[in-house]
Amino acid sequence: MKEQVYRNLQRKIIALTLVVSLAPLLILGMTLYYQFEATCREKTKEQIRYRAQAQAEAVDLFLKERTAILNAMADTHTFDHMIDEKNLARIFDVMNAHAGAFVDLGIIDSIGTHRAYVGPYDLRGRNYFDQPWFNEVIVKGHYKSDVYMGFRRQPHFIIAVRRHENQQAWILRATIDPNRFEEIIRSAQIGRTGDAYLVNRDGIFQTRPRFEGDVLEKTSLDTTQFGGRVTVIEKADPTGEERLYAGSWLNDNKWLLVINQQPLELMSRLFALRQTEIFIITLGVLAIMATTVFTTRLAISRLIKADQEMIELNAQLMQSDKLAALGKMAAGVAHEINNPLAVILQKTGWLEDLLAEEEFKESENIAEFRKSIAKIEEHVERARKVVHNMLGYARKMEPRLEDVDVNDTIHQTITILENHARINNIDIQVDLAETIPIIAGDQAQLQQVFLNLISNAIDAIGSNGAIEVDSRRRDDVIVVNIRDDGPGLSEEKMRKIFDPFYTTKESGKGTGLGLWVSHSIVSKMGGSIQVKNNHDKGAVFTVEIPIVIPEKK
């Protein structure tokens, strides 16, 4: 019942401590993470917005530079000079030397006929009067086309400027290198998921995208979602992946520069931080859990130990009361037995006096009478010894120094127990060294030690066995070994054998105090008691008693 109470208490303490400790840590971690994620997302949008704006300005600058070059060439040369293809070729070379990215250059007269051409295609003599761009450049004075196929059957776009000369209009037109133009657009691509391309207002690709579609194909992107200078939106691409799209209008709002990228790649720092945060929080959680469990178990174990010590103390007090009661009872019993024994001895003395008289001396049974009286006196003396030993063992006696013969103490102890051993068919064999000196000590307490050890050996054997008791001197100690051929002891029992109230006997047959008391007595003498199993069978208790030479009297 108490174990269940302690387990429940331990679980409640651990649960309450973990909730109080971990809740703030987890809440703080989640708050920091989501705030950082929101900030990181906003920074990511700002980054892609800045890239789109910067790239749009670069593309616009590229187109304006080419347009300016065409205007300069048209302003500084006459129509008649430029329709000479040798002159036009020199002008074309100068344009590419200073700016580059021009594929061809042509002169178109006021009726749309290609009068002169320098480039890789045969466009001389073509007429563009019915082409929409021709009318637009005549009206507006300049024109930048969308990408289209045209006569050359290749995707391309042109820049054209108009000039008036002698009441006649003529057009200087150049084709821009699509590869060079796409290189400028693709330079905005970053990472493995980044893409950059141009679309017109109808959503037609003007440059080749990295992941979806091709030039002159229609994009799935709704261009009406983009307005103002730079617009950033979040949407799923055709594969279902979430992407950030940044769009910036250029070329007089005819083209939309689109830069897109998966935010997960741009937010890689966030995920690195998240992993670090999760790792730190996990370590913190594990440390808190381990500390909580350890400290709680330590506190509960100390509480259990204190409770157990209290129980043992109560048991010791009860046992002390029992021993005190036993001492009083033994004193009363000894008094009640000693008085009849004294009377018996008095009467046997009187009988001996009677047998000394003349009338009894002549009796033919005088020898039997004397023998019987001697036998009575012998057994009365034996009874007196038993009562004396029982009284000395039960009574609490203060330790006192006296001359102690260890071998004689062993003999006296065996005398007390030999009848009990004989009844159980146990042979007590003695091998005591004659070199054992007389020491200063408390014979009663030393006898109590031997009595406990030999009595336990008898109980361990049960019946039909043998006990060996030997003594010898080793340096400055007297070593007494008490061996039995009983069942022996397990490792666990040997570790606990000297603990108070620990007994290997059946319930009700032992108090568990005998060996504890013996160990305490020998320890106070400065000696020790050790136990181990015999090689063949049984156990052996070894008592080491320090040799203290008595003072001269």
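The values are calculated or read from the model by the stated rules, or taken from the named source; none is laboratory data. Quick caveat: nothing in here was measured; it's all calculated off a predicted structure. Every residue, glycine as well, gets a Cβ built from its backbone with ideal geometry; the counts of neighbours run over all protein chains shown.
When each of ARG495, ARG474 is tested for being of a type in the set (Lys, Arg) and within 17 Å of MET525 (Cα to Cα), the lone residue that passes is ARG474. Taking SER110, is it at pLDDT 90 or above and among the small types (Gly, Ala, Ser)? Taking the combined requirement at face value, the residue satisfies it. Taking the listed residues ALA38, ALA58, the one that is over 25 Å from HIS142 (Cβ atoms) and among the small types (Gly, Ala, Ser) is ALA38, with no other qualifying. Could you give me the residue pairs with C-beta distances under 7 Å whose first residue belongs to segment 297-313 and is in a helix (DSSP H, G or I), whose second residue is not polar (S, T, N, Q) wherever it lies, and which are 6+ apart or on separate chains? Between residues of segment 297-313 that are in a helix (DSSP H, G or I) and residues that are not polar (S, T, N, Q), the close pairs are ILE300/TYR6; ILE300/LEU9; ILE304/TYR6; GLU312/PRO500; GLU312/PHE501.
Checked against (1) within 30 Å of LEU286 (Cα to Cα); (2) touching a strand residue (DSSP E or B) at 6+ places or on another chain (Cβ under 6 Å), ARG66 passes all but a single condition, namely (1). For the condition surrounded by 14 or more Cβ atoms within 10 Å (Cβ to Cβ), among the aliphatic types (A, V, I, L, M) and not assigned by TED's automatic domain parsing to the domain that holds ALA299, ILE13 qualifies.
Return the residues of segment 1-44 that are among the aromatic types (Phe, Trp, Tyr) and at pLDDT 80 or above; say none if nothing qualifies. TYR6, TYR34, listed by residue number.
Applying the selection to segment 215-236, what residues are buried (at least 16 other Cβ atoms within 10 Å of the Cβ), touching a residue at least 60 places away in the same chain (Cβ under 8 Å) and either assigned to a loop (DSSP other than H, G, I, E, B) or outside the structural domain of MET149 (by TED's automatic domain parsing) (or both)?
Residue satisfying the conditions is VAL215 alone.
Selection of segment 88-142 for residues being of a type in the set (Gly, Ala, Ser) and either without any contact (Cβ under 8 Å) to a residue 12 or more places away in the chain or under 22 Å from GLU182 (Cα atoms) (or both) yields ALA97, ALA99, GLY100, ALA101, GLY119. Checked against the criteria, THR239 does not count as in the same structural domain as GLN53 (by TED's automatic domain parsing), in contact with a strand residue (DSSP E or B) (Cβ under 7 Å, 6 or more places away or on another chain) and either of a type outside the set (Lys, Arg) or outside any loop (DSSP other than H, G, I, E, B) (or both).
Within the group ASP431, ASP459, ASP442, which residue is surrounded by 14 or more Cβ atoms within 10 Å (Cβ to Cβ), in contact (Cβ under 8 Å) with a residue 24 or more places away in the chain and either basic (Lys, Arg) or closer than 19 Å to ARG483 by Cβ (or both)?
Only one candidate passes the filter, namely ASP459.
For GLU212, state whether it is of a type in the set (Asp, Glu), closer than 30 Å to LEU244 by Cα and part of a loop (DSSP other than H, G, I, E, B). Against the criterion (of a type in the set (Asp, Glu), closer than 30 Å to LEU244 by Cα and part of a loop (DSSP other than H, G, I, E, B)), GLU212 qualifies.
Residue-by-condition table, conditions (1) over 17 Å from HIS519 (Cβ atoms); (2) at pLDDT 90 or above; (3) not assigned by TED's automatic domain parsing to the domain that holds GLY538:
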position: ASP405; (1), (2), (3): yes, yes, no
position: GLN412; (1), (2), (3): yes, no, no
position: LEU417; (1), (2), (3): yes, no, no
position: GLN443; (1), (2), (3): yes, no, no
position: GLN448; (1), (2), (3): no, no, no
position: GLY462; (1), (2), (3): yes, no, no
position: ILE482; (1), (2), (3): no, yes, no
position: GLY486; (1), (2), (3): yes, no, no
position: GLU491; (1), (2), (3): yes, no, no
